[in-house]
Amino acid sequence: MGRTWPGLGILILIAASAACDNLDHEPVPVWTPPEEFDGPFGPEIEQVANPPAPGETLRLVTYNVLRGVDVDEDAEFFMRDPDLSKADVIALQEAQRPAGSLEADAAALAHRLQMGFVFVPTFDFDGELHGIALLSRFPLDDIRVMRLPDKTEVDTISPTAQAALRASIETTAGPVEIVNVHLDVALNMPERILQLRPAVIDEPSPVAVLGDFNTNDYIWIGESIPLLPLDAAADTSQADALDGYMRRIDYDTPTAAFGSTWFGFPENQRLDHIYTRGLATGAGGVVRDLETSDHRPLWLDVSAQL
């Protein structure tokens, strides 16, 4: 470990906040109905055929599947795992529609799990359309898509165009907004907050924001080269700094103590999060036995507060 600079984590948040307050020179991303996207980047939507009656609690899961869903293995694991088998909503990142196919792998997984789904392609890579998805046991209402601002000039780590996907789900206490996000890899904290902010800042309560925030512990040079671990130069990590920012804008951080969600070299890291506003939270955890990805599923029970 290198020498740390006390207080630098606070300075990171102040710099990011100041940058966020000066966005007049950039177009403001907006939530857009999915039917406004057509052609190969048009979303796939299929509502669940026989939904159960709304309940009080929703079990949320977020899972980066790593370049496509392993449909057979993932479906079998989700159906037999004691925690994941009770999932009401599953947010996927890095789902894909294979070249020449009319159906995303997220659709195949949803069919196996008897859930409805929406899949939003965000970029084309070698003929395959990659994107994000929401799977749900309940109808997905008021579906919206937001193309997040591109905060990288060159990203040799992960060539992507990022988006957020929002839907509303009814509970016995009223509707809950669900926002699935996937942020770029090679971002320092000010740029990471700037990319995320449009999708979360004005969301009404109750809302849960979940996904792969890519809060990796590196300082990036030229948006492509990891220079050194962030905690070698600062008294914070990206994950902790983002938690601090979300608390500043009135979100709770119920999964902050759940531990690593990404497993790889040189150290395991906490890249995936679930943030809530206006929701009561219950049990949750990281499922560490599913190894079809370098991420692990993160889950949490939430309920709207009457």
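For the range 253-279, a residue qualifies if it is touching a residue at least 24 places away in the same chain (Cβ under 8 Å), out of contact with any helix residue (DSSP H, G or I) (no Cβ under 8 Å at 6 or more places or on another chain) and farther than 15 Å from residue 216 by Cβ, and the qualifying residues are 254, 255, 258, 259, 274, 276, 277, 278, 279. Within the range 179-220, being crowded, with 24+ Cβ neighbours inside 10 Å and part of a strand (DSSP E or B) holds for 180, 181, 182, 208, 209, 210, 211, 212.
Could you tell me whether any residue of the range 73-92 is over 22 Å from residue 176 (Cα atoms), buried (at least 17 other Cβ atoms within 10 Å of the Cβ) and touching a Lys or Arg at 6+ places or on another chain (Cβ under 7 Å)? Yes; the residues of the range 73-92 include at least one that is over 22 Å from residue 176 (Cα atoms), buried (at least 17 other Cβ atoms within 10 Å of the Cβ) and touching a Lys or Arg at 6+ places or on another chain (Cβ under 7 Å). So which of 99, 186, 133 is touching a Pro at 6+ places or on another chain (Cβ under 8 Å), among the aliphatic types (A, V, I, L, M) and without any contact (Cβ under 8 Å) to a residue 60 or more places away in the chain? Only one candidate qualifies: 186.
Give 276, 236 a once-over and let me know the one that is modelled with pLDDT of 95 or more, out of contact with any Leu (no Cβ under 6 Å at 6 or more places or on another chain), buried (at least 18 other Cβ atoms within 10 Å of the Cβ) and among the β-branched types (Val, Ile, Thr).
Working: 236 fails: modelled with pLDDT of 95 or more.
Testing whether each residue is modelled with pLDDT of 95 or more, out of contact with any Leu (no Cβ under 6 Å at 6 or more places or on another chain), buried (at least 18 other Cβ atoms within 10 Å of the Cβ) and among the β-branched types (Val, Ile, Thr) leaves just 276.
Filtering the range 279-288 to residues that are of a type in the set (A, V, I, L, M, F, W, C), buried (at least 17 other Cβ atoms within 10 Å of the Cβ) and out of contact with any Lys or Arg (no Cβ under 8 Å at 6 or more places or on another chain) leaves 279, 280. Considering only the range 64-73, state which residues are among the aliphatic types (A, V, I, L, M) and closer than 14 Å to residue 109 by Cα. Residues satisfying the conditions are 65, 69, 71. So in the range 94-116, with the set limited to residues that are small (Gly, Ala, Ser) and touching a helix residue (DSSP H, G or I) at 6+ places or on another chain (Cβ under 8 Å), which one is farthest from residue 79 (Cα to Cα)? The qualifying residue farthest from residue 79 (Cα to Cα) is 95. Condition check for residue 263 on (1) closer than 23 Å to residue 286 by Cα; (2) modelled with pLDDT under 95; (3) crowded, with 18+ Cβ neighbours inside 10 Å; (4) not aliphatic (A, V, I, L, M): one failure, at (3). The residues of the range 38-63 that are touching a Lys or Arg at 6+ places or on another chain (Cβ under 9 Å) and closer than 13 Å to residue 106 by Cβ, listed by number, are 44, 63.
Does the range 291-306 hold any residues that are at pLDDT below 95 and either more than 20 Å from residue 243 (Cβ to Cβ) or over 18 Å from the mean Cα position of the chain (by Cα) (or both), and which are they? The answer is 291, 292, 293, 294, 304, 305, 306.
Results for (1) small (Gly, Ala, Ser); (2) in a helix (DSSP H, G or I), shown as yes or no for each residue.
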position	(1), (2)
52	no, no
59	no, no
68	yes, no
82	no, no
91	yes, no
101	yes, no
107	yes, yes
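The values are calculated or read from the model by the stated rules, or taken from the named source; none is laboratory data. On a predicted model such as this, the values are computed, not experimentally measured, just so you know. Here Cβ is always computed from backbone atoms with ideal geometry, including for glycine, and neighbour counts include all displayed protein chains.
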